[in-house]
Structure formats: C-alpha cells, structure tokens
Amino acid sequence: MKNPESILSLLKSTQPFQVLPETLQLSIIDIFYEHRFSKDTLVYRQNITDMEGVDLILEGEYETFFLDDLDNKRLVEIHRQPYCFGGISVLLNRTKALKSVIAKKGTIIYRLPRKNFIELCNANEEFFHFFTNSFGKRMLDEEFSHFVKSPASFEESYFAADQLYSRKIEHITYKDIVACTAETPIFEVAKMMAKQKVSCVFIKDKNGIIGYATDMTLRDNVVAQQIAVDRAIIEVMDNPIVSISDQAYLYEAVLKMFRTKSRYLLVEKEGNYVGFLSRNRLLSEQGQSPLVFIQSVKLAETLDELREKWNNVPEIIHQLLGRGVNAEIANQVITTVADSIALKVIEKVIEEMGEPPAKFVFMVTGSEGRKEQTLMTDQDNAIIYEDKANEQREFVRAYFLNFASRVSDHLNTIGFSYCTGGYMASNPEWTHSLSHWKNNYKKWIEESIPENAIKFSTFFDCRRLYGDQDIIHQLKEFLNVELQKPNERFFTFIAKNALQYEPPLTFFKAIKTQTIGSSEVFNIKKAMTPIVDLVRVYALKNRIYEENTGGRLKQLLELGIFTQEQYEELHQSYYYLMSIRLKNQANQIRIAKLSPNNYVPMDSLTNIEKATIKEIFKTINNFQLGIKVKFTSNLFG
C-alpha cells in the first residue's frame with residue numbers, strides 16, 4: 001500500500017528529485033504507483049521494453065547491465081535506495097529501456113509515469129539537465145558508448161525534439177566559400193560559377209568579403225540591365241553580407257535568413273568565415289518543418305492569402321510545443337510570421353501610394369517589439385520619418401499618416417486587431433519626425449508621471465521592422481545620452497510601474513483566481529508582466545538596448561548584474577509561463593473555436609503545473625522586493 005510519507009522522504013533523498021521545491025514534491029506524491037518484485041524478475045530488456053515511467057527504489061536492488069551479442073552481461077551495476085532508473089531512457093532513447101534490469105527478491109519501487117516525468121523536465125531545468133549531464137559523462141566510457149545507439153537514433157526522442165532545434169551549425173555540412181576579387185570581370189565570375197557548380201560567389205577586397213553574386217544577380221543586375229559583361233563584378237554585386245556563428249542552431253539560421261531577406265549566410269568560426277549556407281538547402285533538408293511555412297507566407301500575395309496564413313499559425317505552434325520545443329523559439333516563429341506578413345503589407349501599400357517622400361522607419365513596439373508575440377496579438381507600431389524643410393513638412397506628414405492608416409486597416413483585415421490603447425502609427429500622435437520623437441522621449445524622462453512611465457516603457461521596446469536603420473540608431477544614441485543624466489525620479493517611476501502588477505498569490509500562497517462563466521481562471525499575462533517590467537528596469541539602468549526579455553537577461557548576466565542562478569530562475573520562469581500561455585491560446589483557437597485570451601482555466605492544469613506556477617510566483621515576488629529596495633528606497637511601496 002502506497003505510503004505518502006515514505007514517497008516524500010524518497011523524493012528528498014533521491015537525485016535529482018531533491019532539487020525540486022517541496023510544493024512540487026508534494027504535488028506529485030499521489031501520481032506515483034507502487035511495484036513489488038519477486039526473485040530475479042526481468043523488469044526491462046535493453047532497446048525492447050517500453051518505459052512506462054521512471055523508477056525510484058524504496059527497498060531491495062536493481063541489477064542493471066547491457067547484453068552483448070552472445071547474451072553476456074556487460075557493465076553490470078547494482079543500485080539500491082536512493083536511485084532513479086529510466087530518465088535517460090525516456091529522454092534520449094525513444095522511451096525504450098537503455099539497459100536491461102533485473103529486480104532482486106523483495107524489491108519495492110515507486111514509478112512516476114512518463115508523461116509526468118517529462119512535465120517535471122519542462123518545469124525545472126536543473127532536474128532535466130541532471131539526466132542529460134549524466135548521459136554525457138557516461139558516453140565518455142567507451143564500453144558504455146559501444147552499447148548505446150548512435151545519436152542519429154535520438155532524432156525521435158523527447159530531448160532532440162526536432163533536428164532544426166537541437167542541431168548546431170557546426171554539426172552540419174556547409175559549402176566551401178568560392179570567392180573572387182572585386183575587379184574580376186562579370187563574365188569571368190559566371191565562368192567560375194559554372195566550373196565550380198555553385199550558385200553563389202563571394203566578392204573580396206583587401207579587407208575581406210564585401211558582397212556576393214548569384215545566378216539571380218547576373219539575371220537581374222546584368223542581363224536585365226544590359227550591363228557589359230567585361231565590367232567589374234563589384235559594380236553589380238549584392239550586399240550586405242550576413243553571417244552567423246557556427247555555434248548557432250539551425251532554426252536561428254533559418255530565422256535570420258528570413259529576417260534579413262538573405263538567401264545565403266556565411267558561417268563564422270572563431271572570427272573567420274569557414275563556409276556558407278543556402279536557404280534553399282536548409283529548407284529542403286527540413287521537409288515539413290514548421291519554418292518552411294514562413295517561406296509560403298512570403299509567397300502569398302493577397303490579403304485573403306495572408307489572413308489564411310495567419311490563421312494557420314496556432315496549428316504550427318501546437319506542433320512545436322508538442323515536440324517539446326521551448327516557448328522562446330515558439331515566440332520567435334510567431335514573430336517571424338507576423339513580421340513577414342507586416343512587411344508584405346507595407347510593400348503593398350508603398351506600391352499603391354508611390355515611393356515615400358522621406359526616409360522613414362516603421363517600428364513595432366510592445367510585445368511585438370520584444371519579439372514575444374502570442375496568438376492574441378494587436379497592433380503596436382509607430383513611424384519615425386526624417387526631418388524635412390518647413391515647406392515639405394505638411395506634405396510629408398500627410399503621406400505618412402495616409403500610409404499608416406492603410407497599413408493598419410490591412411493588418412486588421414488579416415487578423416491583427418487595432419490597438420485599443422491607440423498605440424498605432426495610424427494614431428497621429430505616434431507618426432512624427434525624428435526631432436519630435438526625441439522630444440517625446442526627453443519629455444517622458446524629465447516629466448516623471450505614471451502615464452509617461454507607461455509610454456516610455458512601451459516605446460523603449462521598439463524594433464525596426466521596415467525602413468532606414470540609421471533613424472533608429474540616431475534615436476537610440478540620443479536616448480543613451482539622456483539616460484546617463486542624473487534623474488533618479490525617472491527610475492523610481494519606471495520601477496513603480498514594474499511593481500504595478502503582483503503575481504496572483506493569496507496570503508496562503510495559493511493561486512488567486514477569478515470566476516469567468518463556470519470556470520476558475522487566472523490571468524497569465526498579468527502574472528508574466530512583472531518579469532518583463534523588472535527586467536526592463538535593469539536594462540534601462542544599464543543602458544541595454546536589446547529588445548527581447550530573454551536577450552536582456554543574457555546581457556544582464558554577462559554584465560554581472562544578475563547571477564547565474566538569478567538568470568536561470570527568471571529565464572526559466574518566464575518561458576515556462578509563456579509555454580502555458582501559448583498552449584492555452586492554441587487550444588482556444590483550435591479546439592474551442594474561440595478568440596484567444598489570457599485566462600487559463602485552473603482545471604486545465606496538472607498538479608505539477610500548478611505547483612511549478614506557485615514557485616514561479618514566489619520567485620517573481622522576490623525579484624519585485626529587490627526592485628523596491630534598489631530603485632524606490634522603500635521596502636513597502
């Protein structure tokens with residue numbers, strides 16, 4: 001008969017369960033079920049028996065071993081309490097037992113079901129990495145690695161999830177760089193491409209690679225323009241050069257190609273270019289990867305087609321999260337699709353209205369600016385245009401207000417609803433010249449009132465989507481100077497804004513809910529907002545202009561503002577909540593056929609999820625306390 005006290009005692013003594021908070025340990029006690037074994041019971045046979053879960057030994061012992069081709073036992077180990085068997089098998093061996101196991105007479109184990117074990121891995125990175133680290137150490141043993149199937153067999157495992165998200169660029173074959181000098185005649189470049197059987201040649205000068213030429217370059221820039229083929233390739237080459245580290249993941253390469261509209265990425269290793277990747281090759285290798293969908297978005301032409309693409313995104317996100325892909329990546333996919341749609345709309349409107357009368361930037365703000373969009377998204381954007389002479393100002397302003405209105409209407413038609421707060425470029429307040437925007441930021445900093453703190457926070461999370469990058473650079477250089485001026489009052493107001501929302505915990509540390517219809521729910525967006533806000537406060541104080549919350553956390557870690565433990569707590573907490581938020585919204589759209597919202601029904605959460613969320617809320621409370629002390633000099637307000 002199951003004994004809750006003995007299970008709790010076992011959890012507190014068995015690696016890695018002892019790293020879990022006690023609330024989480026208590027939440028899983030009822031999930032375990034007991035097994036008793038008679039003499040020499042074969043519990044698992046390597047690579048044959050399906051793992052129903054992971055086993056914690058209470059009494060007796062497990063004899064684990066590999067069987068060689070002659071059925072001889074190899075690498076025999078005896079395990080007694082405290083010991084957990086099966087974690088590596090579930091995570092890294094397609095849920096098949098990695099080793100054979102014989103239970104001795106009188107052995108009693110408690111088994112945690114596989115689904116709940118994976119939930120714990122999602123909930124706690126230290127818990128998860130215990131198994132992956134253990135596996136890495138064991139693989140250093142030649143005899144152990146001999147019996148373990150090659151990493152290729154892990155492609156279907158939970159840990160790998162999908163090659164696109166688990167493989168680094170250094171582990172794939174990329175093409176060698178074929179290069180020529182800037183003065184090389186165009187016809188010589190074409191001959192080189194034919195001889196080397198490549199579709200891309202890079203152009204060098206004394207400082208390194210400065211551009212590239214492709215089949216399309218020769219078609220569009222030479223043949224179509226009737227350029228003499230004895231002219232230098234530098235006159236028709238394409239640029240800029242886009243590169244990526246060999247330590248980046250494949251999905252990062254694909255996303256970077258889409259964002260920069262580049263078809264080729266140079267691979268950088270230790271400061272040197274060692275090869276290049278083509279977008280077509282990467283996508284063809286991925287087959288039905290969700291990121292191939294982004295390419296189809298770029299091929300869509302009409303508003304109806306773009307609306308259809310956006311309507312498909314919930315299914316894409318459902319697939320990603322179902323594979324165990326981190327919510328940080330899912331955010332990036334949503335953002336990339338949304339960016340691609342918005343770019344198509346902007347280009348369409350420019351084609352309708354004619355070329356803009358001034359340089360400008362269409363920037364996105366809020367969650368879109370932070371690259372943290374969810375499936376419930378509205379428009380958050382603004383326009384900055386260059387300053388013009390007095391006689392041109394009215395004409396320029398009229399163009400961009402008309403432009404902004406058309407873009408906003410098209411986005412609303414596609415499914416990006418109008419911002420209820422009016423933070424859109426179609427609002428005349430948020431379409432202005434660069435000098436006007438500088439005055440906005442200066443006013444918000446100097447006139448520290450709650451309303452200005454909210455505006456500043458929204459527009460600090462700004463990101464160029466289309467247009468002249470130099471305008472954004474000028475704005476951020478101006479902002480960098482302003483933030484260095486003494487103004488503690490400003491940081492106090494920004495900090496108080498970060499303290500506006502508190503994690504929904506009752507006095508007795510239960511999740512605070514509200515009733516909507518017949519369901520007990522909590523607002524997960526409000527629960528996540530303190531993390532976004534408090535990280536922004538530290539970013540502002542340290543003049544970090546990275547837009548993304550995860551990226552800001554990494555830079556704060558690198559600067560020594562946050563410890564490794566603080567970084568991991570906040571990063572993991574934020575994206576754990578984001579995963580639940582995205583899953584909830586995807587299910588609202590796909591299954592319930594409802595418009596997505598941020599209310600999570602309590603009955604949709606497992607005990608593990610509830611316990612993990614409580615721990616996250618405690619973490620947020622602690623960080624808010626730090627903000628109170630550091631920025632407001634007031635422990636109680």
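Bear in mind that the values in this text are calculations on the coordinates, not laboratory data. Quantities reported herein were computed from a predicted structural model and do not represent experimental measurements. Quick reminder, even Gly has a Cβ in these numbers, built from the backbone with ideal geometry, and neighbours come from all protein chains shown.
Determine, at each q value in 0.16 (inverse angstroms), the log₁₀ of I(q)/I(0) that the Debye formula gives when each Cα of segment 170-286 is one equal point scatterer.
Results for segment 170-286 at q = 0.16 Å⁻¹ read -0.74.
Using modelled backbone amide H atoms (1.01 Å from N, in-plane), which distant-in-sequence or interchain residues come within less than 5 Å of L98's amide H?
N47, S89
For Cα pairs less than 8 Å apart in space and 6+ apart in sequence, what is the mean separation divided by the residue count of segment 170-286, i.e. the relative contact order in percent?
On the way: 165 pairs, mean separation 28.3, N = 117.
Over segment 170-286, the number comes to 24 percent.
From zero up to wherever the largest Cα-Cα distance of segment 332-385 sits, split into 10 Å bins and tell me the percent of pairs in each.
Whole-percent P(r) values from 0 Å outward: 22, 50, 25, 3.
How big is D for segment 1-61, in µm² s⁻¹ as a whole number, if Stokes-Einstein is applied with the Kirkwood radius of its Cα pairs at 25 °C and 0.890 mPa s? Please list the in-between numbers first.
Numbers: Rh = 13.2 Å.
Rounded, D is 186 µm²/s.
Could you rank the peptides 247-258, 528-539, 192-203 by their average count of other C-beta atoms within 10 Å per residue, with the highest value first? Spell out each step's value before the answer.
On the way: 247-258: 20.2, 528-539: 22.2, 192-203: 16.2.
Output ranking for 247-258, 528-539, 192-203: 528-539, 247-258, 192-203.
Karplus couplings for segment 442-454 from phi (6.51 cos²θ - 1.76 cosθ + 1.60, θ = phi - 60°), rounded to Hz, Gly and Pro as x?
Per-residue couplings from phi come out as 4, 5, 4, 6, 7, 9, 6, 10, x, 4, 5, 4, 5 Hz.
Could you tell me which of the pairs K2/K73; K12/K526; K269/K554; K191/K269 are separated by over 27 angstrom between their Cα atoms in the structure shown? Display every interim value, and only then the final one.
Numbers: K2/K73 33 Å; K12/K526 33 Å; K269/K554 21 Å; K191/K269 29 Å.
From K2/K73; K12/K526; K269/K554; K191/K269, over 27 Å: K2/K73; K12/K526; K191/K269.
With θ set to phi - 60°, apply the Karplus curve 6.51 cos²θ - 1.76 cosθ + 1.60 along segment 264-277 and write out the HN-Hα couplings as whole Hz, x wherever there is a Gly or Pro.
Once θ is set to phi - 60°, the couplings for segment 264-277 become 9, 10, 6, 9, 10, 9, 6, x, 10, 7, 10, x, 8, 10 Hz.
Please state the relative contact order of segment 292-485 as a whole percent: Cα pairs under 8 Å, 6+ residues apart?
On the way: 232 pairs, mean separation 50.2, N = 194.
It comes to 26 percent, rounded to a whole number.
Inverting the mean 1/r over all pairs of different Cα atoms, compute the Kirkwood radius of segment 439-540 and quote it in Å.
This gives a value of 15.8 Å.
Just grab the label-to-label distance for M139 and E565, each label 7 Å out from Cα along the Cβ direction, in nm (one decimal).
Using points 7 Å along Cα→Cβ, the separation is 3.0 nm.
Viscosity 0.692 mPa s, temperature 37 °C: give me the Stokes-Einstein translational D for segment 4-160 in µm²/s, with Rh taken as the Kirkwood radius over C-alpha pairs.
Values: Rh = 15.9 Å.
Rounded to a whole number, D works out at 206 µm²/s.
Taking 2.2 N^0.38 Å as the expected size of a compact globular protein, what ratio does the Cα radius of gyration of segment 292-485 give against it, to two decimals? Can you show the working numbers first?
Numbers: Rg = 17.4 Å, N = 194, 2.2 N^0.38 = 16.3 Å.
Taking the Cα Rg and dividing by 2.2 N^0.38 Å, one obtains 1.07.
Name the residue farthest towards the positive end of the dipole of segment 167-252 from the options N221, F187, I241, assuming +1 on Cβ of Lys and Arg, -1 on Cβ of Asp and Glu, about the Cα centre.
Highest projection toward the positive end goes to F187.
Below 8 Å, C-alpha to C-alpha, sequence gap of six or more: please give me the relative contact order for the chain in percent. Please report the intermediate quantities before stating the final value.
Details: 971 pairs, mean separation 65.4, N = 637.
It rounds to 10 percent for the chain.
Using the crude model of +1 on Lys and Arg Cβ and -1 on Asp and Glu Cβ, and no other charge, please compute the dipole size for the chain relative to its Cα centre, in debye to 20.
680 debye
Compute the whole-percent fraction of alpha carbon pairs in segment 553-637 spaced more than 22 Å apart.
On the way: 1545 of 3570 pairs.
Of the Cα pairs, 43 percent sit more than 22 Å apart.
For semi-axes √(5λ) of the Cα gyration tensor in Å, several values are listed as (i) 49, 31, 22; (ii) 35, 28, 25; (iii) 48, 35, 22; flag the one computed from this structure.
Read-out taken from this structure: (iii).
For I7, what is the net charge nearby, where nearby means another residue's Cβ is under 12 Å from its Cβ and Lys, Arg count +1, Asp, Glu -1?
0
If amide H atoms are built 1.01 Å from N in the plane of the peptide, which residues on other chains or at least 5 residues away come under 5 Å of the amide H of E61?
Those qualifying (amide H under 5 Å, at least 5 residues apart or on another chain) are K104, T107.
HN-Hα J couplings of segment 356-369 from phi, Karplus 6.51/-1.76/1.60, θ = phi - 60°, integer Hz, Gly and Pro as x?
With coefficients 6.51, -1.76 and 1.60, one gets x, x, 7, 5, 7, 10, 9, 10, 9, 10, x, 5, 5, x Hz.
Starting with the highest mean, order 206-212, 293-299 by the number of other Cβ atoms within 10 Å, averaged over the residues of each peptide.
293-299, 206-212
Less than 14 Å Cβ to Cβ from A182, Lys/Arg counted +1 and Asp/Glu -1: what total charge do the surrounding residues give?
Numbers: positive: K204, K206, R231; negative: E183, E188, D205, E235, D238.
Net charge in that neighbourhood comes out at -2.
For V178, list long-range residues whose amide hydrogen, built 1.01 Å from N in the peptide plane, is under 5 Å from its own amide hydrogen.
F202
Efficiency by 1/(1 + (r/R0)^6): what FRET value for E394 and S417, r their Cβ-Cβ distance, R0 = 25 Å, to the nearest 0.05? Numbers along the way, then the final one.
On the way: r = 31 Å, r/R0 = 1.23.
Calculated value: 0.20.
Could you please state, rounded to a whole Å, how far the C-alpha centre of segment 565-637 is from the C-alpha centre of segment 93-120?
About 31 Å separates the Cα centre of segment 565-637 from the one of segment 93-120.
What does the highest-first list of 239-246, 57-64, 483-490 look like by mean Cβ count within 10 Å?
Values: 239-246: 15.1, 57-64: 19.0, 483-490: 12.8.
Top to bottom by mean Cβ count within 10 Å: 57-64, 239-246, 483-490.
Rounded to the nearest 0.05, what FRET efficiency do V19 and Y273 have when you use their Cβ-Cβ distance and R0 = 30 Å? List each step's numbers first, then the result.
Details: r = 42 Å, r/R0 = 1.40.
With a Förster radius of 30 Å, E is 0.10.
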